[in-house]
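The values are calculated or read from the model by the stated rules, or taken from the named source; none is laboratory data. Here the structure is a predicted model, which means the values were calculated and not measured. Please note: Cβ atoms are built from the backbone with ideal geometry, for glycine as well, and neighbour counts cover all protein chains shown. Accessible surface is based on the protein model in full, side chains and every heavy atom, while ligands, DNA and RNA are left aside. Shrake-Rupley method; radii C 1.70, N 1.55, O 1.52, S 1.80 Å.
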Amino acid sequence: MVDVTAKAETTRTAVATATVRTTPQVVGMIFDADLPKGDALPVARVAGIMGAKRTPEIIPLCHPLPLGRITVDFARRDGAVVITGSVKTRGVTGVEMEALTAVTTAALTVYDMIKAVDRHAVIDDVHVLSKSGGKSGDWSV
């Protein structure tokens with residue numbers, strides 16, 4: 001693990017995204033809460049939040065961080081669900097991995113909940129959109 005003991009404590013945020021591609025019909029089922037397994041979005045939101053909180057348990061060498069805020073939101077697109085996750089902390093290292101874990105865990109949950117109606121769904125376009133805080137400063141795509 002990287003030694004972060006000498007780093008300054010600052011407020012740090014990161015925003016990440018992931019996309020679940022499926023059919024427009026299945027997107028409708030997701031947003032209408034009409035899937036055989038139930039209402040995917042609230043389940044995926046909680047899964048994403050839980051994933052962010054457990055990042056150091058599943059990603060080797062990630063520092064455990066006191067996360068102050070985690071949000072997971074969903075946008076409807078034609079043939080896709082775009083997931084955006086935002087994580088905030090006050091600490092000595094960034095939260096990019098937590099934001100990425102939030103959106104990928106949420107995407108996996110959506111996939112799990114739709115696989116009975118679309119075996120060909122795809123998770124893609126996973127990346128960090130922005131980060132702030134720390135020595136390297138702020139940036140966004």
Enumeration of residues in region 26-45 that are of a type in the set (Val, Ile, Thr) and touching a residue at least 60 places away in the same chain (Cβ under 8 Å): VAL26, ILE30, VAL43
Top-ranked residue in region 17-36 [being open to solvent by 30 Å² or more (accessible area, probe 1.4 Å) and more than 21 Å from the chain's Cα centre (by Cα); ranked as farthest from ASP78 (Cα to Cα)]: PRO36
Single match in ALA52, ALA8, ALA99, ALA14 (criterion: at pLDDT below 95, touching a Gly at 6+ places or on another chain (Cβ under 9 Å) and either over 16 Å from ILE114 (Cα atoms) or surrounded by fewer than 17 Cβ atoms within 10 Å (Cβ to Cβ) (or both)): ALA8
Residue within region 119-126 that is on the phi > 0 side of the Ramachandran plot and either among the basic types (Lys, Arg) or not in a loop (DSSP other than H, G, I, E, B) (or both) present: yes
Hey, GLU57 open to solvent by 50 Å² or more (accessible area, probe 1.4 Å) and modelled with pLDDT of 95 or more or not: yes
Subset of region 102-141 that is within 14 Å of ALA14 (Cα to Cα), of a type outside the set (Gly, Ala, Ser) and buried (at least 21 other Cβ atoms within 10 Å of the Cβ) - its residue that is nearest to the chain's Cα centre (by Cα): VAL103
